[in-house]
Amino acid sequence: MSPAHTVPIFRRLLPAAADAVDGGDAVDLAAAYAYPADLDRPWVRANMVASADGGAWGPSGRTRELSSPADRAVMGVLRGLADVVLAGAGTARIEGYRPIRPRPAWRELRAGRPAAPPVAVVTRTLDLQPGLLAEAPGGSRTIVLTTESAPAHRRAAAAEHAEVVVVGREAVRAEAALAALAERGLYRVLTEGGPHLLAELAAAGRTDELCLTLSPRLLGPASGRIVAGGVPSHPQDLRLGHVLESDGSLFLRYVREPEPEATATGSGHRR
Ligand SMILES: NC(=O)c1ccc[n+]([C@@H]2O[C@H](COP(=O)([O-])OP(=O)(O)OC[C@H]3O[C@@H](n4cnc5c(N)ncnc54)[C@H](OP(=O)(O)O)[C@@H]3O)[C@@H](O)[C@H]2O)c1
């Protein structure tokens, strides 16, 4: 199969071509998903996928039944744009996270930055696959955001390869985690969930953007939602940024409304 056949075709449904950032008919994913310029605090973009009836994982317990070549293409561009990929340990374990490998297509997107974004994983137990810690490419060491209560021997073992950052006593607080990333100059944050971590970020008012793939499948009531857990939250309004379509999947980009004010966090680096 020629590479051209593997490139999914996107249609822009909203906004109309005349109002779109990339102007023409072809969808430029890097332009459509560009982060705001001159960030002076971490901007948190969540990338999640759901079935048409709201399910967040398929019968396998993973998201693969919901994904598609187009979804993977968007995920690839979002990772290429990001300074760091933030994930909960549940997602890292279940989805088999490994360090992100550089892609030739990212060369321009990542000029002046490491060839691939590091993974930052949030965990109390530090029950993580060794490869996620040990196999990261140079300049993109995995970051482990954990708690004082985490087992000391696991913290020490993880620190042999990864950067271990203690950002809470019993739980990693969303604000503290983002401040730790900001201290490392990591402002363009892409969180890939999972549902517990996303709920905590949202409850802290730190989900600036939600990129939601709606997949053309019904999963029924066995599947959970893209947010989970007992953390209290309040309703938040979102503004629709764009809608793309590919092979029946919808790619919705929502931004928190009113747009959160840019306030300094951490070292205040500007990127
Ligand atoms: N639809 C989607 O887009 C999507 C995206 C991602 C995942 N998923 C699915 O979601 C499921 C996993 O869900 P999940 O909610 O368990 O995933 P998760 O949020 O990635 O992981 C939960 C785990 O993250 C750690 N954690 C979260 N908040 C923490 C905090 N404040 N302090 C310290 N550690 C914290 C804990 O890890 P420890 O247990 O190590 O302490 C906790 O058990 C899987 O089926 C996956 O396929 C779906």
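Couple of notes before you dig in:
- Largest GNM mean-square fluctuation among Leu244, Leu212, Leu13, using the chain with Cα springs under 10 Å: Leu13.
- Percentage relative contact order, segment 129-271, counting C-alpha pairs under 8 Å, at least six apart: 21 percent
- Estimated distance in nm for a label pair at Arg62 and Ala152, the labels positioned 7 Å out from Cα along Cα-to-Cβ: 3.7 nm
- Among Val231, Val77, Val165, the largest mean-square fluctuation in a Gaussian network model of the chain (Cα springs under 10 Å) belongs to Val231.
- Global geometry of segment 87-158, whether rounded, prolate or oblate, following the gyration tensor of its Cα atoms and the 1.5 cut on a/c: prolate
- Virtual spin-label span in nm between Arg101 and Glu259, 7 Å along Cα→Cβ: 3.7 nm
- Accessible area in square angstrom per residue, the chain, 1.4 angstrom probe: 48 Å²
- Across segment 38-257, the relative contact order, built from alpha-carbon pairs under 8 Å that are at least six residues apart, equals 30 percent.
- Kirkwood hydrodynamic radius of the chain, Cα pairs, Å: 19.1 Å
- Inter-part distance, segment 220-243 to segment 11-90, computed on C-alpha centroids, equals 16 Å.
- The apolar share of the surface of segment 137-244, taken as the fraction of accessible area on carbon and sulfur atoms (1.4 Å probe, ligands and nucleic acids excluded), comes to 55 percent.
The values are calculated or read from the model by the stated rules, or taken from the named source; none is laboratory data. Since we're looking at a predicted model, the values are computed, not measured. Cβ atoms come from the backbone with ideal geometry, glycine included; neighbour counts cover every protein chain shown. Note: areas computed on protein heavy atoms with side chains; ligands, DNA, RNA excluded. Shrake-Rupley method; radii C 1.70, N 1.55, O 1.52, S 1.80 Å.
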